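Down below is the structure, laid out as structure tokens.
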4 protein chains.
Amino acid sequence: MPEANVALIGYAFMGRAHSNAWRQVSRFFSPKLTPRMKVVCGRNRSAVRKASRTLGWEEYATDWREVVARDDIDIVDVSTPGDTHAEIAIAAAKAGKAVLCEKPLANDVREAKQMLAAVKKAGVVHMLCHNYRRAPAVMLARELVASGKLGKIYHYRGTYLQDWPVDPSVPLIWRFDKKVAGSGSLGDILSHSLDLGRFVLGSEVVEVAGLMDTFVKQRPRLDNPRKKGRVTVDDASLSLARFANGALASIEGTRFAPGRKNYLRFEVNGSRGTIVFNFERMNELEYYSLDDETKVQGFRQILATDPSHEYFDKWWPGGHIIGYEHTFIHTVYDFLNAVAAGRQVKPDFEDGVRNQLVLDAIEKAAQNKRWVTVKPL
Amino acid sequence: MPEANVALIGYAFMGRAHSNAWRQVSRFFSPKLTPRMKVVCGRNRSAVRKASRTLGWEEYATDWREVVARDDIDIVDVSTPGDTHAEIAIAAAKAGKAVLCEKPLANDVREAKQMLAAVKKAGVVHMLCHNYRRAPAVMLARELVASGKLGKIYHYRGTYLQDWPVDPSVPLIWRFDKKVAGSGSLGDILSHSLDLGRFVLGSEVVEVAGLMDTFVKQRPRLDNPRKKGRVTVDDASLSLARFANGALASIEGTRFAPGRKNYLRFEVNGSRGTIVFNFERMNELEYYSLDDETKVQGFRQILATDPSHEYFDKWWPGGHIIGYEHTFIHTVYDFLNAVAAGRQVKPDFEDGVRNQLVLDAIEKAAQNKRWVTVKPL
Amino acid sequence: MPEANVALIGYAFMGRAHSNAWRQVSRFFSPKLTPRMKVVCGRNRSAVRKASRTLGWEEYATDWREVVARDDIDIVDVSTPGDTHAEIAIAAAKAGKAVLCEKPLANDVREAKQMLAAVKKAGVVHMLCHNYRRAPAVMLARELVASGKLGKIYHYRGTYLQDWPVDPSVPLIWRFDKKVAGSGSLGDILSHSLDLGRFVLGSEVVEVAGLMDTFVKQRPRLDNPRKKGRVTVDDASLSLARFANGALASIEGTRFAPGRKNYLRFEVNGSRGTIVFNFERMNELEYYSLDDETKVQGFRQILATDPSHEYFDKWWPGGHIIGYEHTFIHTVYDFLNAVAAGRQVKPDFEDGVRNQLVLDAIEKAAQNKRWVTVKPL
Amino acid sequence: MPEANVALIGYAFMGRAHSNAWRQVSRFFSPKLTPRMKVVCGRNRSAVRKASRTLGWEEYATDWREVVARDDIDIVDVSTPGDTHAEIAIAAAKAGKAVLCEKPLANDVREAKQMLAAVKKAGVVHMLCHNYRRAPAVMLARELVASGKLGKIYHYRGTYLQDWPVDPSVPLIWRFDKKVAGSGSLGDILSHSLDLGRFVLGSEVVEVAGLMDTFVKQRPRLDNPRKKGRVTVDDASLSLARFANGALASIEGTRFAPGRKNYLRFEVNGSRGTIVFNFERMNELEYYSLDDETKVQGFRQILATDPSHEYFDKWWPGGHIIGYEHTFIHTVYDFLNAVAAGRQVKPDFEDGVRNQLVLDAIEKAAQNKRWVTVKPL
């Protein structure tokens, strides 16, 4: 297979997950392009050097502008915090690189639209890394809806619950700083639930109501834990929404749900059945079908680890489950094939803009205490 | 124990459940008043006669006005559809009877307030039958919150999902008629989720957003199934809410969730833990506590069937579960003791008014597409 | 409907459950005989008098011999400890009464056979109260096997786990005395798991291996808690078994499983599917079918509360669950119909003998450390 | 870190899992020896060449004797079917290599003992790959027992259920051939349940009863699917057992449980609590503790993905689950550290012999229909 040289910008949590994906994809799948892990880029020289070795990159660099301009780079993978996505991705697009960008596409609609314009103008393949779409059980959920097995869709009920900052002594890291993170629970986690709703329903959100709050308003500063600094993002975000297909939705993200570690759950009710997914049991999908004989109707706990389930034939025998990191491997697999074929793949920067338009509307709706229509693309 | 003569108005679904409660309460509990099932009242003479025998009432009658005026009646139990509650309950109060009224208290705020005024003026004991409060697992939930074990409450996430009318061929019964039922999913089921939120949190809703819809707009008429009549109530109702204690809430009721038969579920997140209840497994409460040692923190599935759990010492050994009907028995047990003592018991008509005020606000919020402040009592 | 006068012998735990069944059956079902709760019998006059009132019996008595001989008694319900079953049931049979006997039929095979011979000779209707058979979910399990939906049966995996005497300070009550109880976990709980296996599979056990032990060998005496007396029964009993239909089985009962309150669980694997039941969630049956499309195969959690499920059309709407006591109501309902029709009903005294023959074989197998063939009826 | 050159013998299912472990271990962990994937060995030249590239080995070879004799090889990893383990591992030991051997150690006790003798004589580090021990949730189970939190252990209830050959058209692969596989369900899967029991309880099995059967006695031959050949191994194996610490056990393996894909489940009951594990939800451990306050006792569903759980601090944030393959990574991590330190690590070849002695006893017990004492090491 031909090779493609990859440059990764950012090497923290997301950088580790993306590196693993690039490293593993050809061991289990046969993408039409074999990725070569050329260079990883970060600002701190010693840290990025160490990361390059641990994560398996051939080179390291500290100036992303140089990296994205290199002739030998085919793919740029943007895994930095959201406030830097636009600048990097736009430069990469201008340099003609295929771009994979970690979500959120950007911290606001304006930047997101600029990014979309840039990749379109450059004619490069672009993808947004909403990895959760590519859990086999989520792919099955999408398929059940798309095939009509659930009938007309009435409800999407999505929550993304976490608990890591419930303790007020958790310090004021960048995720609590609106300038860097854009928002808190809204862009970080509600956005995942929103993206899954759009994906599984195959429909767009048209109007929203919102409710947002910050429960712990001050936290210990990183530079001086004895002093406190102000949290400028939301701890919890709730929304009601109406999809274009008529479905009513409730979409919520909160970091203040003790015991919920990565509880990205959704339930879809249609006229013929219901499906339920929860990422903490990401290998499973619950499915209730009114097409079953009445007496034996029940929620099926489908273990989506059969060769018939998307991606799983490349892994292990049924029941030998996979984990969080595998969703990234599936993502880069599809991305590599798209780059090889020169065709688009979903979710892409357009999805990034669409997601951001909804988040934007939720924020406005919460501020103004009224329903807000989501702006067109 | 002294006896109290009971008159039951209405003998359908709720009448059966109430009758069972009156019949069973003294077999397992020792209320300070022993109920005597004196008379059941309904409009159809032959049907109510049959019901009197089956359900165990000494007499039957067809005119509720005569019944509530009888000198030998101590307690009037109102189990008719919502549009008749006010008239009956007010007459009973004026006649000096203790009144147990099935929820909803009334179909609108005006009537509900008249009822509250009437029982207050008459000085009679009044109770609203929100039976779900009295599942032992729900009592435990309330206790955990009230004791402070959950810390400061951040979230109430309530849903009441059913599926009985998903099939469009379900006919146009009274529950689809706004004149009789007042509303659909809103008053029938969202109201339960709301009442449990108020009960478990011990706090009142201050403002709401709403979203309501009717998915199946016409249904076969009862008198002529080949013709269709218009559904005048909501199939689904969703709301966002803020409680006085600062908790953010999402409260939903829908009849269009295939597989959900009586899925009255709530989750409460506080600064020290989380609880989850689902009526379809009404003997269980899930509880996560940050006070547990980190390594063994997990959602506990508490089987609330221990003698230490409210009411259960009167039933069976642990693990020998109880069911739906038992919540009514617990309700009349507490009501009888309240009547015996001449003191109030919760939930009462005031709760009925408060619930109605919130439902009213949700309906307005949904109509006007903006947040609405809940009116004071 | 014609009436049948019932006499209940014994008024403790089982007596309460049986009384409730007699009291409730005609309120929800229409048995072809209406039971009249004539007399309850016990040795302690003041206690039985009190019980008669609480439980709803017209009269009380202290001499069971007189009671079973009374001309006006049609049905004798034996709810005493196992060592007295034979004498009472045989006398009742001789007096021509229909007999309902709480399990175990007797404490040993000899007595059980005498009882079977007596009822056969007398030609009376006889039934053994293995109430768990009549949970709607268990009836559904039986139906799925009998209909062939599970294909050829390969495995029955039954456990009945409890935890009430894990604490060594639980005193030396009659259940720890071999003379009264016959055995411990074996006859008390493993017997239920065995009976369910025979019922659901519709096949008989042909040979067994066994393992029994007593973990807490001495307990505080009831008469003097500071002294200890010897436990003469088993705390735990395990067996391997082969059914006549070729299925391999594991059947276990233990009182030493902390957290398991009434965990009567079974799993049946056949060539076309699997079913799982657990009494602590007695309204549910799990069902996996290889006949489902591969991609959506999964364990269905069937909420057996639909009108299509046995008995449930007489109770509440779907999802409004029932509890432990209802299994007794179903039992007496079927018994009353059998008595009215003068036909046999299962399980009967023959089942009692068959169960006892297997328990006997397990005990011998455990003692002799070898497989034992179950003796023929 | 110093490097160690690894040779892998076998590249099928287990070879893929082992290769992944060698490849990934240094990316997430910092073992005291860095593995270098030197050579993979198999009999089919073109297949092993392809495997070497896909799985990431520097070289490939077809003669394992040459490979294990190479001076530049430090570690030999034996991932072939069981009938070849002894010869390869003994040669590797004689050549002074550290040996990691996939389970079962051998197909019979004689060979297993020879292997143990060989590694002891050679003084090399040896490890048996019972990967399931190293799921973080299983490590936690072991810790809870070892720490005394479960009190005195009364029961181990282990099952390993699968369903892949339920369909009689599954062909006669090597796993159905006693000469190659040694046994069927017994050595393949019951052995895992047995090993987990020994590990979690920290005690040895002293005596057993057994029950084994072959449900599908003939299967289509691989060379000519229209002809059938005889299955010479067991489809299902059940045992009762007594551990040295007094615990009673039931240990079962079957391949005939539809819907159970990799249902390696165990339950341990002790005087202070209970734990339950199921590999299909391998990130979770259920834990019930009598030390909790009575009113809130319940089975905790511990998501063993916290940094406080063994190995997990090297992976992802809590709730971001891991999968099957990670248990192998943990295994080689511990093995590499042991090799670096020149000390033993568990499970080792001694565990392999002990497991085999128990399997041997179960087989004899099943054949002779009596309890069999497990022979000493």
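No lab work stands behind these numbers, since they all come straight from the coordinates. Because the structure is predicted, anything quoted here is derived from the model rather than measured. Reconstructed Cβ throughout: ideal geometry from the backbone, glycine too, with neighbour counts over all protein chains shown.
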**Message:** Please arrange A:Trp164, D:Trp316 by how many other C-beta atoms lie within 10 Å of their C-beta, fewest to most.
**Reply:** A:Trp164, D:Trp316
**Prompt:** Considering amide H positions built from the backbone, and no H for Pro or chain starts, which residues 5 or more places from B:Asp348, or on another chain, come under 5 Å of its amide H?
**Reply:** B:Leu128
**Request:** Would you kindly work out, in nm and rounded to one decimal, the distances from the label point of C:Arg43 to those of the same position in each other copy, ordered shortest first, with label points 7 Å along Cα-to-Cβ?
**Result:** 6.0, 7.5, 8.6
**Message:** Just to be sure I understand: chains C and A are related by a rotation, so which residue of C has its Cβ closest to that axis, and how close in Å?
**Reply:** C:Arg300, 2
**Prompt:** Expressed as cubic angstrom per residue, what is the convex hull volume of the alpha carbon set of the stretch A:125-236?
**Reply:** 146 Å³
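For the stretch C:51-102, rounded, prolate or oblate, judged on the Cα gyration tensor with a ≥ b ≥ c (square roots of eigenvalues), a/c < 1.5 rounded, else prolate if a/b > b/c?
Oblate, because a/c is 1.5 or more while a/b does not exceed b/c.
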**Estimated 222 nm signal from helices in the protein assembly as shown, with DSSP H stretches of n ≥ 4 weighted -39500 (n - 2.57), rounded to 500** = -10000 deg cm²/dmol
**Translational diffusion of the protein assembly as shown, µm² s⁻¹ [Kirkwood Rh, Cα pairs; Stokes-Einstein; 10 °C; 1.306 mPa s]** = 46 µm²/s
**Request:** Enter the Cα centre distance for the pair the stretch A:230-307 and the stretch A:1-23, rounded to the nearest angstrom.
**Result:** 30 Å
**Message:** Taking a virtual spin label 7 Å from the Cα of C:Trp164 along the C-beta vector, which residues in the stretch C:5-34 bring their backbone nitrogen under 13 Å of it?
**Reply:** C:12-17
**Asked** What is the mean number of Cβ atoms from other protein chains located within 10 Å of the Cβ atom of each residue in peptide C:252-258, rounded to a whole number?
**Response** 6
**Prompt:** When each pair of different Cα atoms in chain C is counted once in the 1/r mean, what is the Kirkwood radius in angstroms, to one decimal?
**Reply:** 21.4 Å
**Prompt:** Which log10 I(q)/I(0) values, to two decimals, does the stretch D:3-132 give at q = 0.22 Å⁻¹ under the Debye formula with one point per Cα?
**Reply:** -1.37
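Charges at C-beta only: +1 for Lys and Arg, -1 for Asp and Glu. How large is the resulting dipole of the protein assembly as shown about its Cα centre, in Debye rounded to 20?
Roughly 0 debye, rounded to the nearest 20.
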**Fill in**
Partner shielding of A:280-289, as the mean number of partner chain Cβ atoms within 10 Å, equals 6
**Complete:** Under the Karplus relation with 6.51, -1.76 and 1.60 and θ = phi - 60°, whole-Hz ³J(HN,Hα) for the stretch A:204-215, x at Gly and Pro, equal 9, 6, 9, 7, 9, 10, x, 8, 9, 8, 10, 7
**Fill in**
Magnitude of the Cβ-charge dipole (Lys and Arg +1, Asp and Glu -1) of chain B about the Cα centre, nearest 20 debye, reported as 880 debye
**Asked** Where in chain D are the DSSP H helices whose C-alpha atoms run 27 Å or more along the long axis and whose mean Kyte hydropathy is at least -0.5?
**Response** D:349-368
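For B:Lys103, A:Lys261, D:Lys94, what's the fewest-to-most ordering of other Cβ within 10 Å of each Cβ?
With the sparsest Cβ surroundings first, the list reads D:Lys94, A:Lys261, B:Lys103.
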**Taking A:Met1, B:Met212 and counting other C-beta atoms within 10 Å, the order from fewest to most** = A:Met1, B:Met212
**Complete:** Dividing the mean separation of Cα pairs under 8 Å (6+ apart) by the residue count of chain A yields a relative contact order in percent of 20 percent
**Asked** Roughly what would the spin-label model give for A:Asn224 and A:Arg343, points 7 Å off Cα along C-beta, in nm?
**Response** 5.9 nm
**Item:** Per-residue ³J(HN,Hα) for the stretch A:305-318, Karplus 6.51 cos²θ - 1.76 cosθ + 1.60, θ = phi - 60°, Hz, x for Gly and Pro
**Value:** 10, 8, x, 6, 8, 3, 6, 6, 4, 8, 9, 10, x, x
**Prompt:** Using a ≥ b ≥ c from the Cα gyration tensor of the stretch A:284-358 (square roots of the eigenvalues), is it rounded, prolate or oblate, where a/c under 1.5 gives rounded and otherwise the larger of a/b and b/c decides, a/b for prolate?
**Reply:** oblate
**Request:** Between the label point of C:Thr294 and that of the same position in each other copy, find the distances and list them shortest first in nm, with every label point placed 7 Å from Cα along the Cα-to-C-beta direction.
**Result:** 3.3, 4.5, 5.4
**Message:** About the Cα centre, and with charges only on the beta carbon of Lys, Arg (+1) and Asp, Glu (-1), how big is the dipole of the stretch B:3-132? Nearest 20 debye, please.
**Reply:** 200 debye
**Prompt:** Suppose R0 equals 22 Å; then what is the FRET efficiency for C:Val180 and C:Lys121 from their Cβ-Cβ distance, rounded to the nearest 0.05?
**Reply:** 0.20
**Asked** In percent, what relative contact order does the stretch B:71-201 have, based on Cα pairs under 8 Å that are 6 or more apart in sequence?
**Response** 25 percent
